[in-house]
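Enquirer: Below: one structure in structure tokens.
The values are calculated or read from the model by the stated rules, or taken from the named source; none is laboratory data. Nothing here was measured: the structure is a model prediction, and the numbers come from that model. Here Cβ is always computed from backbone atoms with ideal geometry, including for glycine, and neighbour counts include all displayed protein chains.
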Amino acid sequence: MSVAPTIKDDLFQEQVIKAAQQLFRQYGLQKVTMDDVAKAVGKGRSSLYYYYKNKIEIFGAVMDVEISEILAEMARAVDKASGVEQQIRAFCVTKLKEARKRREFYATLEGGMDADERSHYAKAERTIRAKMMEQEGGMLKKIVTGGIANGELRKLDPKELDSLVFVLLSSIHGLKRELVGDNNSRRLEPAIDTLTRMVVHGLAAQ
């Protein structure tokens with residue numbers, strides 16, 4: 001019995017993404033070519049061009065996988081937490097820990113880029129960041145609305161909820177810039193504790 005074409009396509013693209021992820025991690029985005037990825041999966045370059053226009057599209061697919069892995073870790077941590085404060089804390093701590101774990105990968109990606117490559121990378125990075133923010137925002141909204149439903153938090157109108165999610169995400173990204181590159185990881189969790197305590201106590205149901 002033959003394998004359906006769509007399954008074959010999915011398997012091939014998964015192989016391409018895994019190979020590219022490993023190559024990017026080892027050599028950075030600038031030094032890896034379409035030929036390198038094709039050789040890593042044992043195919044001709046034309047096979048790649050059937051699915052991806054260029055290396056930046058492969059990079060985007062690799063980063064989609066990275067985002068999925070990070071969000072899955074965050075969701076698992078949130079599911080294990082009890083109560084809205086601990087869920088927000090789990091969301092924040094896991095996000096920052098995942099960012100720290102991947103910082104060498106991201107640093108390698110940017111190494112040795114020329115101006116043209118950096119421009120393409122910056123454009124792709126903006127798209128990736130927007131996608132990540134959207135999905136993180138959805139997760140935070142679910143946490144907060146759950147806290148409202150079980151009486152831990154007061155009711156928020158849609159604008160207040162959107163503003164709260166924006167402030168939380170902006171605060172987390174600010175902490176990420178300050179703490180992810182800091183070797184003193186002991187600062188991370190106390191900072192998150194302060195942030196979550198301020199948010200939850202400020203919105204506690206009366």
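Enquirer: Please list, ordered by first then second residue, the pairs with beta carbon atoms under 7 Å, 6 or more apart or interchain, first in region 41-57 and over 14 Å from GLN13 (Cβ atoms), second surrounded by 15 or more Cβ atoms within 10 Å (Cβ to Cβ).
Expert: Once the first residue is over 14 Å from GLN13 (Cβ atoms) and sits in region 41-57, its partners that are surrounded by 15 or more Cβ atoms within 10 Å (Cβ to Cβ) give GLY44/ALA38; ARG45/MET34; ARG45/ALA38; LYS55/VAL32; LYS55/MET34; ILE56/HIS120; ILE56/ALA124.
Enquirer: Return the pairs, sorted by first residue and then second, in which the second residue is aromatic (Phe, Trp, Tyr), the first residue lies in region 101-130 and is farther than 13 Å from GLY60 by Cα, the beta carbons are less than 8 Å apart, and the residues are 6+ apart or on different chains.
Expert: PHE105/PHE24; THR108/PHE24; THR108/TYR27; GLU110/TYR121; MET113/TYR121
Enquirer: Could you check region 150-171 and list, in sequence order, the residues that are among the β-branched types (Val, Ile, Thr) and either in contact (Cβ under 8 Å) with a residue 40 or more places away in the chain or surrounded by 13 or more Cβ atoms within 10 Å (Cβ to Cβ) (or both)?
Expert: Hit for region 150-171 is VAL165, nothing else.
Enquirer: Continuing with the same structure: Counting residues that are modelled with pLDDT under 85, over 21 Å from the mean Cα position of the chain (by Cα) and more than 30 Å from GLU152 (Cβ to Cβ), which helices (runs of 4 or more DSSP H) fully inside region 1-116 reach at least 1?
Expert: 5-27
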